[in-house]
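*Asks:* Can you read through this structure? Questions will come right after.
The values are calculated or read from the model by the stated rules, or taken from the named source; none is laboratory data. Because the structure is a prediction, the values reported are computed rather than measured. For neighbour counting, all protein chains shown are included, and Cβ atoms are generated from backbone atoms with ideal geometry for every residue, glycine included. Protein only, heavy atoms only, side chains kept; ligands, DNA and RNA dropped before computing areas. Shrake-Rupley method; radii C 1.70, N 1.55, O 1.52, S 1.80 Å.
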Amino acid sequence: MKSINTVTGTTSPEQLGTTLMHEHLMIGWAGWELDCAAPKFERKAALKTCVERLKELKDLGVSSFVDPCPMDIGRDVSFMAEVASASGINIVCATGLYKEDLGNTPYFKQRTVDEIAEIYSQEITKGIGGTGIKAGIIKCATGKGQVTKYEEMCLRAAGRAHLRTGAPITTHTEDGTMGREQLEIFASEGVDLSHVVIGHSCGSADLGYHSAMLERGCILGFDRFGLDILHPDKLRLAALIGLLGVGYEKQLVLSHDTVACWLGRRLDLPPETAKLVENWKPTHVLKNIVPTLKKAGVSEEKIRAMLVENPRRYFS
Ligand SMILES: [Zn+2]
């Protein structure tokens, strides 16, 4: 049986249960700690916020929570472990680097693909920093409309670290672009694409884009529900229901990409846009999206596939 690294030890794919595949406890952009005018980070209050959030999810039947925060945007695995212990939810953390324009790149730009692959592999097999906490997934990311040289290097490193460790890969894409290019890079590294989630694929309503990727065997993340400010839920749902209707239920996973706490200044949105994020909560899929899918005729079995079976197979 395959073992999965969580921040509090190992578990098995069979024990994952209902899994949110892409949520964050904490994000901090590189440099946040230099902002002396920002609100001070209150660790205790942040812990409380996160534990409350996860307990609410637990009450809805969620048992596992994948936090694919890359290593360079505020990842704090000890914090995650405290939240996992206090809430009783499995948390899987990631190794990997973010996209070039928002990542912490200067050091890694001077490395080779194999050096980066070795860093990722060690975070999975030996642990992160001195914590002993091991990453269970590899994150990579591309920006809108292009894969930069740096991002390609990180994608190739992710592929190589996957082959060495067996840890699956999850990605960030922007506005429904570059998913196919990401798959091409992973395939050229010899990755079995059934262990790849192309994240934020719901940012596109182009079914041709979706089916071209699904035909290669990967999983698509419909993992930004509630972020109407980026792309309306109605379009995410229309695409999802269409893909489910033609038999792709074994290759889709659901989540929200929520962020419970921000390091430094929080993401400030103009008040007139508040309505466009009012559903951006990690309970939205279970409370609102699942009932909407059922009303549209999607079977319990297909919903279970997206929330339980597909995460299980992806980690197997
Ligand atoms: Zn994310």
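*Asks:* Residue pairs, Cβ under 7 Å, 6 or more apart or interchain, first in segment 155-182 and of a type in the set (Lys, Arg), second modelled with pLDDT of 95 or more and not in a helix (DSSP H, G or I). List them.
*Replies:* ARG156/GLU189; ARG160/GLU189
*Asks:* Would you be able to say whether some residue in segment 276-298 is under 28 Å from ILE169 (Cβ atoms), charged (D, E, K, R) and outside any helix (DSSP H, G or I)?
*Replies:* Scanning segment 276-298, I find at least one residue that is under 28 Å from ILE169 (Cβ atoms), charged (D, E, K, R) and outside any helix (DSSP H, G or I), so the answer is yes.
*Asks:* All but one of (1) under 22 Å from VAL66 (Cβ atoms); (2) within 16 Å of the ligand (Cβ to nearest atom) hold for THR6; which doesn't?
*Replies:* (2)
*Asks:* So, one more: If a residue has to be exposed (fewer than 13 other Cβ atoms within 10 Å of the Cβ), over 24 Å from LEU25 (Cα atoms) and of a type in the set (Ser, Thr, Tyr) to count, how many in segment 262-316 make the cut?
*Replies:* Here the count works out to 1.
*Asks:* Give segment 197-217 a look and list any residue that's open to solvent by less than 10 Å² (accessible area, probe 1.4 Å), part of a helix (DSSP H, G or I) and of a type in the set (A, V, I, L, M, F, W, C), or say none. Walk me through it before giving the result.
*Replies:* So the first thing to find is which residues in segment 197-217 are open to solvent by less than 10 Å² (accessible area, probe 1.4 Å), and the list is 197-202, 209-210, 213-214.
Still in the running and part of a helix (DSSP H, G or I): 201-202, 209-210, 213-214.
The answer is CYS202, MET213, LEU214.
*Asks:* Restricting attention to segment 299-313, report how many residues are under 15 Å from VAL62 (Cα atoms) and outside any helix (DSSP H, G or I). Can you show your working first?
*Replies:* Our first condition is that a residue be under 15 Å from VAL62 (Cα atoms); within segment 299-313, this holds for 303-312.
Still in the list and also outside any helix (DSSP H, G or I): none.
Number of matching residues: 0.
*Asks:* Confirm whether PRO39 is out of contact with any His (no Cβ under 6 Å at 6 or more places or on another chain) and within 13 Å of the ligand (Cβ to nearest atom). Don't jump to the end; show me each part of the working.
*Replies:* Values: out of contact with any His (no Cβ under 6 Å at 6 or more places or on another chain): yes; within 13 Å of the ligand (Cβ to nearest atom): no.
No; evaluated as a whole, the condition is false for this residue.
*Asks:* Please enumerate the residues belonging to segment 203-225 that are closer than 27 Å to GLU278 by Cβ and either under 14 Å from the mean Cα position of the chain (by Cα) or within 15 Å of the ligand (Cβ to nearest atom) (or both).
*Replies:* Of all residues in segment 203-225, those closer than 27 Å to GLU278 by Cβ come to 203-206, 210, 220-225.
Within segment 203-225, GLY203, LEU220, GLY221, PHE222, ASP223, ARG224, PHE225 qualify.
*Asks:* In segment 2-120, which helices (runs of 4 or more DSSP H) lie fully inside it and hold 1 or more residues that are in contact with a Gly (Cβ under 7 Å, 6 or more places away or on another chain), in contact (Cβ under 8 Å) with a residue 12 or more places away in the chain and open to solvent by 10 Å² or more (accessible area, probe 1.4 Å)? Even if it seems obvious, please write down each step before you answer.
*Replies:* Details: elements: 43-59, 77-87, 106-109.
By residue number, 43-59.
*Asks:* If you don't mind, there's one more thing I want to ask. Among the residues in segment 185-196, are any open to solvent by 50 Å² or more (accessible area, probe 1.4 Å), in a helix (DSSP H, G or I), farther than 19 Å from ASP67 by Cβ and acidic (Asp, Glu)?
*Replies:* Among the residues of segment 185-196, not one is open to solvent by 50 Å² or more (accessible area, probe 1.4 Å), in a helix (DSSP H, G or I), farther than 19 Å from ASP67 by Cβ and acidic (Asp, Glu), which makes the answer no.
*Asks:* Right, here's the next one. Scan segment 243-261 residue by residue and report those that are open to solvent by 30 Å² or more (accessible area, probe 1.4 Å) and either within 15 Å of the ligand (Cβ to nearest atom) or not aromatic (Phe, Trp, Tyr) (or both).
*Replies:* Here is the first cut: in segment 243-261, the residues open to solvent by 30 Å² or more (accessible area, probe 1.4 Å) are 245-251.
Once the filter is applied, which keeps residues that are open to solvent by 30 Å² or more (accessible area, probe 1.4 Å) and either within 15 Å of the ligand (Cβ to nearest atom) or not aromatic (Phe, Trp, Tyr) (or both), segment 243-261 yields GLY245, VAL246, GLY247, GLU249, LYS250, GLN251.
*Asks:* From the list GLU272, GLU309, GLU278, GLU249, which one is under 21 Å from the mean Cα position of the chain (by Cα) and either within 30 Å of LYS48 (Cα to Cα) or at pLDDT below 95 (or both)? Lay out the reasoning, then the answer.
*Replies:* On the way: GLU272 fails: under 21 Å from the mean Cα position of the chain (by Cα); GLU309 fails: either within 30 Å of LYS48 (Cα to Cα) or at pLDDT below 95 (or both); GLU249 fails: either within 30 Å of LYS48 (Cα to Cα) or at pLDDT below 95 (or both).
Result of the check over GLU272, GLU309, GLU278, GLU249: GLU278.
*Asks:* Mind listing whichever residues of segment 220-232 are in contact (Cβ under 8 Å) with a residue 12 or more places away in the chain, surrounded by fewer than 22 Cβ atoms within 10 Å (Cβ to Cβ) and closer than 25 Å to GLU181 by Cα?
*Replies:* As a first pass, look at segment 220-232 and keep what is in contact (Cβ under 8 Å) with a residue 12 or more places away in the chain: 220-231.
The next check asks that each one be surrounded by fewer than 22 Cβ atoms within 10 Å (Cβ to Cβ); those that pass are 228-231.
If the condition is that a residue be in contact (Cβ under 8 Å) with a residue 12 or more places away in the chain, surrounded by fewer than 22 Cβ atoms within 10 Å (Cβ to Cβ) and closer than 25 Å to GLU181 by Cα, then LEU230, HIS231 are the ones that fit.
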